[in-house]
Amino acid sequence: MKQPVVSAMRKARNVFVRFSDEDDFLKSLSRESCDIEGVAYRPFQWSTDFTEDDEPSLAPVWIMLPGLPPNLYQEAFLRNIVAPIGIYLRRDNATRCATRTDGARVCVLMNIDHELIHSIWIGTPRHPTSIFQEIEYETLPAFCSVCKVQGHNVKTCKANKIEGKSSKTLQVIKSRKVWVPKDKEDEAKTTGHSDKITESPVLALEDVEIEVTVLDGGKDAGKSKLGSES
């Protein structure tokens, strides 16, 4: 391998590695064990729309094509076979040398945020001479479309927990305080002192029906505020 050129990037956690040989680049991108002295790293292929703030959803993935005939182990054939899945990167040594004939093992650069393809037809679908090929994914990393980060998915994303909560609408009855004047005639009949009657406010309770939205579960449910009417 020729010595690559390593450059710093805006974020200290990222480095830019430039290869002069395409085979060296493909081997480095498709490595199954990505660590340096025990520290794991993730390789990304640079492109014009690459940004350091969001990790790309394109990742090298090793797949197995079980039962694929050995006469289809050539790179030209494999490149066309895996085209619906992703971009062909390389095949492993056992497939290249045909020392294992129970299937082909290939690394492809694919969008891990898309729905997986688990089977394809090689040739005309359902034709007697065509091959129905199953696909097994060996090293499929998780990707979160919310955080734009590899390593976890939307279901396990902490930032998506609040957004993913379902809400329900319910009817509640809330009492409010209303000041109303006392009736003079009723007061006079009760006390018998009509000349001393003065208007005095009394506290009455009036039921008001309001609609609120409450988030299900967790501490967020306590943050919902009841509305009030004036």
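Mind checking which pairs have a first residue in the stretch 123-144 that is over 24 Å from Ser57 (Cβ atoms) and a second that is in a loop (DSSP other than H, G, I, E, B) and among the β-branched types (Val, Ile, Thr), Cβ under 7 Å, 6 or more apart or different chains?
Listed by first residue and then by second, the contacts come to Gly123/Thr129; Ser130/Thr124.
Within the stretch 11-56, how many residues turn out to be within 25 Å of Ser145 (Cα to Cα), touching a residue at least 40 places away in the same chain (Cβ under 8 Å) and surrounded by 10 or more Cβ atoms within 10 Å (Cβ to Cβ)?
Of the residues in the stretch 11-56, 8 are within 25 Å of Ser145 (Cα to Cα), touching a residue at least 40 places away in the same chain (Cβ under 8 Å) and surrounded by 10 or more Cβ atoms within 10 Å (Cβ to Cβ).
Considering each residue of the stretch 105-129, count those that are exposed (fewer than 15 other Cβ atoms within 10 Å of the Cβ) and either over 32 Å from the mean Cα position of the chain (by Cα) or over 28 Å from Ser145 (Cβ atoms) (or both), and give that number.
Total meeting the criteria: 8.
Out of the residues in the stretch 76-104 that are of a type in the set (Gly, Ala, Ser) and in a strand (DSSP E or B), state the one that is nearest to the chain's Cα centre (by Cα).
Looking at residues that are of a type in the set (Gly, Ala, Ser) and in a strand (DSSP E or B), I get Ala104.
Select from the stretch 54-70 the residues that are farther than 19 Å from Tyr137 by Cβ and modelled with pLDDT of 95 or more and list them in ascending order.
Residues satisfying the conditions are Pro69, Pro70.
When only residues in the stretch 9-45 that are aliphatic (A, V, I, L, M) and modelled with pLDDT of 80 or more count, which is nearest to the chain's Cα centre (by Cα)?
Leu29
Just give me the residues in the stretch 105-128 being of a type outside the set (Asp, Glu), part of a loop (DSSP other than H, G, I, E, B) and on the phi < 0 side of the Ramachandran plot, in sequence order.
Ile112, His114, Leu116, Ile117, His118, Thr124, Pro125, His127, Pro128
Could you please give the count of residues in the stretch 70-86 that are touching a residue at least 12 places away in the same chain (Cβ under 8 Å) and surrounded by 15 or more Cβ atoms within 10 Å (Cβ to Cβ)?
7
Can you name every residue in the stretch 40-75 that is β-branched (Val, Ile, Thr) and part of a strand (DSSP E or B)?
The answer is Val61, Ile63.
The values are calculated or read from the model by the stated rules, or taken from the named source; none is laboratory data. Remember, predicted model here, so these are calculated numbers, not experimental data. Cβ coordinates were reconstructed from backbone atoms using ideal geometry, including for glycine residues, and neighbour counts include every protein chain displayed.
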